[in-house]
Amino acid sequence: MKAVVVGGGIGGLAAAVALHARGWDVEVRERAREFTDIGAGLAVQPNALRALDALGLGTTVRARATTDPPLGIRHAGGGWLLRNDTDGLRRRFGQWVMLPRAELVALLRAQVPESALRAGSTVTGVLPDGTVRYRDGPGAGVGKGTGVGDLVVGADGIRSVTRRAVLPEAPPPRYAGYSTWRFITTARPGVAAEGSVETWGRGERFGYAPLPDGRVYCYVMANAPQGESKGSPEDELAHLRRRFARWHEPIPSLLAATEGSAVLRHDTYELPDLPTFVSHRHRTALLGDAAHAMTPNLGQGACQAIEDAVELAAALDGAGGDTAAGLDAYDRVRRPRTQMVVRRSRRLGGVAHWSSPVLTALRNTGLRMTPGSSFARSLAPVIGGEGR
Ligand SMILES: Cc1cc2nc3c(=O)[nH]c(=O)nc-3n(C[C@H](O)[C@H](O)[C@H](O)COP(=O)(O)OP(=O)(O)OC[C@H]3O[C@@H](n4cnc5c(N)ncnc54)[C@H](O)[C@@H]3O)c2cc1C
C-alpha cells in the first residue's frame, strides 16, 4: 500500500514515520528545498512524548532536550501569578521537553527512507482517485507530475492545498487578534533563565524556556492589527527591546543577547472546526495544522499533529486494508479531541490577551488564588489524554 504525504513538517514526517513502520510505502512531497524548520523552539508535552514513544523516538528526544514542566506565570514586575507544582505535574503527566524545532524535524526525517523524501516539490492539487498533482522546483529538477496513492495524507499546514481540494467549502483560517514573535537568543544571556516561564501584561505576553545548549527560546504574543509590521527583523527586535525594557529580568537580558536576524514575526490564525478530517472519495486524511490549526496558547499544535500521525497509522492498521473504514476510525478518534484542544487554546488566549486594566487586575487576582492542583486538573484532558 502506498501513501503520498503532502507536506514534510512535523506532522507530515511523523505520519511518514508511523506509516512506514507499519509497512506502508511512503512518499513525502515538501515544497521547501529542504526538510527542516525555522529557528524557534518547540515544547513537546507529555501527550506528544507518549506518541513519540510509540514511534520509537521518545528516549532520543528526551535525551536531547531540557525536560521540566513549566514553572508558571509571572507579572511584568516579576512576582508570581501562578506557580506550578512542577514535581506534581511530572508525577501526574510525565516529562515536558523543550528543544529546537529543527532538531525534532531532523530526528523524524532520519526515520524515513531517503528515497521517500521529495524536497522542492509543490503539490498543486489532489484528485478524487487519490492522484496528487505536483510541480517540482529548481531544487528537484523542474517538471510536473502526478503520484497515485492508496492514501493521501494532507499535512500541508494551515493554508493546505489538500484541504481546499477535498473540502472546498471549508471556511478559511481566521485571525486571532494577536501577532507572535519568536527567536532563539544568539548568545547565552548574561542573566540565567531559570526555567520555562510566561509573563503576562496587558494584551501582551513574553515567554522563555532554556535550551540544552545554554541558549534560550523566547516568544512574544501581543494584540495587533492583522498584517502589522515594524519593518525589518532588526526593527522588530528594536521594537521588542523598547516594549519590554521595564519588564523583569531575564527579559531585557534575553533581548540584549539576540540578533535581529533571529527574530520571526507572524500573525496568529486558527482554523474554524472542519466537519470531517477525511474524504473517502479522495482517499485522504487531513492531519496537523491542515486539519485543526490552533492558537499557540497551549503549545499543542505540533503535539496534536504527532498524536494524529500515530493514531492515523493505528486506525488504518486496525481496519485491515479497508482504507475507508480506517479513515472513519481516524476521524472519530481525532476530530473531537483536537477540536476540544483548539477551543481550550482559544479560551486561554482570550483571557491572556485582555488589555483593560480592570479585567487584567481581576484576572491576575484570580490567578494568584488558583491552587496548583486545579491548574493541573485543567490540563488533564489535553495532556493526560483523560476525558477523551
Ligand atoms: C508562535 C508559535 C509557537 C508554537 N509553539 C508550539 C509548541 O511549543 N508546541 C507545539 O506542539 N506546537 C507549537 N506551535 C504549533 C506548531 O508550530 C504547529 O501546530 C505545527 O508546526 C504544525 O505542523 P504541521 O506539520 O501540521 O504543519 P506545518 O509545520 O505548517 O508544516 C506544513 C509543511 O507543508 C509544506 N507545504 C505547504 N504547502 C505545501 C504544498 N502545496 N506542497 C508541498 N508542501 C507543502 C510546508 O512547507 C511545511 O513544511 C506553535 C505555533 C506558533 C505559531
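Rounded to whole numbers, the Karplus 3J(HN,Hα) couplings from phi for segment 359-366 are 5, 5, 5, 5, 4, 5, 4, x Hz, using 6.51 cos²θ - 1.76 cosθ + 1.60 with θ = phi - 60°, and x at Gly and Pro. Fully extending the segment from V358 to I38, taken as 0.36 nm per residue of separation minus the present Cα-Cα distance, adds 111.4 nm.
Shape analysis of segment 184-260 based on the Cα gyration tensor places the equivalent ellipsoid semi-axes at 21, 14, 11 Å, largest first. Give the distance, in whole Å, between the Cα centre of segment 157-232 and the Cα centre of segment 94-135. Segment 157-232 and segment 94-135 have Cα centres separated by 22 Å.
Please sort 283-293, 27-37 by packing, taking for each peptide the average over its residues of neighbouring beta carbons within 10 angstrom, highest first.
Descending mean neighbour count gives 283-293, 27-37.
The fraction of accessible area contributed by carbon and sulfur in the chain is 51 percent, rounded to a whole number (1.4 Å probe; ligands and nucleic acids excluded).
Assuming charge only on the beta carbon of Lys and Arg (+1) and of Asp and Glu (-1), the dipole of the chain about its Cα centre is about 880 debye to the nearest 20. Taking amide H positions as modeled 1.01 Å from N, with prolines and chain starts lacking one, the residues under 5 Å from A176 and 5 or more places away or on another chain are T268, Y269, E270.
Across segment 302-318, rounded Karplus estimates of 3J(HN,Hα) from the backbone phi angles (6.51 cos²θ - 1.76 cosθ + 1.60, θ = phi - 60°) give 6, 4, 5, 5, 5, 4, 3, 4, 5, 5, 5, 4, 5, 5, 5, 5, x Hz, Gly and Pro being marked x. Relative to the longest principal axis of the Cα atoms of the chain, helix 233-243 runs at roughly 40 degrees.
With contacts taken as Cα pairs under 8 Å at a separation of at least 6 residues, segment 26-155 carries a relative contact order of 31 percent.
With the charge dipole of the chain set up from +1 on Lys and Arg Cβ and -1 on Asp and Glu Cβ about the Cα centre, the Cα lying farthest toward the positive end among the listed residues M369, V17, V105 is that of M369. Since only H282, M294, P128 are under comparison, the one whose Cα sits farthest along the positive direction of the charge dipole of the chain, derived from C-beta charges on Lys, Arg, Asp and Glu, is M294. Rounded to the nearest 10 degrees, the angle from helix 323-352 to the longest Cα principal axis of the chain is 20 degrees.
The relative contact order of segment 231-293, computed from alpha carbon pairs under 8 Å that lie at least 6 residues apart in sequence, is 30 percent. Using the average count of surrounding beta-carbon atoms within 10 Å as a protection proxy, the listed peptides 359-369, 148-158 rank, highest first, as 148-158, 359-369. Between V44 and V97, M98, L99, the built amide H atoms are under 5 Å apart, and every one of these is 5 or more places off in sequence or on another chain. What the Cα atoms of the chain give is an Rg and a Dmax of 20.8, 61 Å. With a cut-off of 12 Å between beta carbons, the residues surrounding A14 carry a summed charge of -2, where Lys and Arg count +1 and Asp and Glu -1. Segment Q111..R22, full-extension length gain: 30.8 nm, with 0.36 nm per residue of separation and the alpha-carbon distance subtracted.
Spatially, segment 20-68 and segment 242-302 are offset by 17 Å when compared through their Cα centroids. The label-point distance for R377 and H248, in a model that sets each label 7 Å from Cα toward Cβ, rounds to 2.6 nm. A simple count of charges around R363, restricted to other residues whose Cβ falls under 14 Å of its Cβ and scoring Lys, Arg +1 and Asp, Glu -1, yields +3. Per residue, the chain exposes 41 Å² of accessible surface when a 1.4 Å probe is rolled over the protein heavy atoms with every protein chain present. E103 sits among other residues whose Cβ lies under 11 Å from its own Cβ, and their net charge, with Lys and Arg +1 and Asp and Glu -1, is +1.
Averaging the sequence gap over all C-alpha pairs within less than 8 Å and six or more residues apart, then dividing by the number of residues, gives the chain a relative contact order of 21 percent.
The values are calculated or read from the model by the stated rules, or taken from the named source; none is laboratory data. All of these numbers come straight from a predicted model, not from anything done at the bench. Quick reminder, even Gly has a Cβ in these numbers, built from the backbone with ideal geometry, and neighbours come from all protein chains shown. With ligands, DNA and RNA removed, areas are computed over all heavy atoms of the protein, side chains included. Shrake-Rupley method; radii C 1.70, N 1.55, O 1.52, S 1.80 Å.
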